[in-house]
Amino acid sequence: MDRLMGTKNPDISTYAKQLAEMTVEEPDLQKELFYEKLSEMPEDDQELYHLYDIGEYSQEEIAKMKGVSQNAIFKMLRRIKKQLIEMCRKEI
C-alpha cells in the first residue's frame, strides 16, 4: 500500500486509508425510502419527477416537452411531492 501511496512513511498511508474509509458514503435511508415510494407511483408521475428533480429540467422546459402549460407542470409536481411525502410518512 505504501508504494501505491507514493510514500515510505506508514503513518501517511494509514492516514490515507482512514480518509478513504471516511469518504465512503453511508446509505441514506430517507432517500432510499423516497425513491422506493416514487417507484410505486404511476409511470407518468415518475417520469415527470425524474425530468424535474434528476434531469434538472426547468418547469418551462418540461411544459414544452409535454405540450402543456408551465402552470400545469407546477401543479403536477406539487401533487407528486405531496403524495410522496405522505407515502413516506406512513412508513416512518
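Things worth noting here:
- Close Cβ contacts (under 6 Å, 6 or more residues apart or on different chains) running from residues in segment 31-52 that are under 22 Å from residue 63 (Cα atoms) to residues that are open to solvent by 80 Å² or more (accessible area, probe 1.4 Å) and assigned to a helix (DSSP H, G or I) are absent.
- The residues of segment 37-84 that are of a type outside the set (A, V, I, L, M, F, W, C) and touching an Asp or Glu at 6+ places or on another chain (Cβ under 6 Å) amount to a single one, 70.
- Qualifying residues in segment 10-54 (those that are assigned to a loop (DSSP other than H, G, I, E, B) and at pLDDT 90 or above) - the one farthest from residue 84 (Cα to Cα): 42
- Listed conditions (1) open to solvent by 100 Å² or more (accessible area, probe 1.4 Å); (2) in a helix (DSSP H, G or I); (3) at pLDDT 90 or above are all met by residue 4, apart from (3).
- Among (1) aromatic (Phe, Trp, Tyr); (2) part of a helix (DSSP H, G or I); (3) without any contact (Cβ under 8 Å) to a residue 24 or more places away in the chain, the one test that residue 57 misses: (2)
The values are calculated or read from the model by the stated rules, or taken from the named source; none is laboratory data. Keep in mind that what you see is a predicted model, and the values were worked out from it rather than measured. All Cβ positions, even for glycine, are placed from backbone atoms using ideal geometry, and neighbour counts span all protein chains on display. Please note that ligands, DNA and RNA were not included when accessible areas were found on the heavy atoms of the full protein model with its side chains. Shrake-Rupley method; radii C 1.70, N 1.55, O 1.52, S 1.80 Å.
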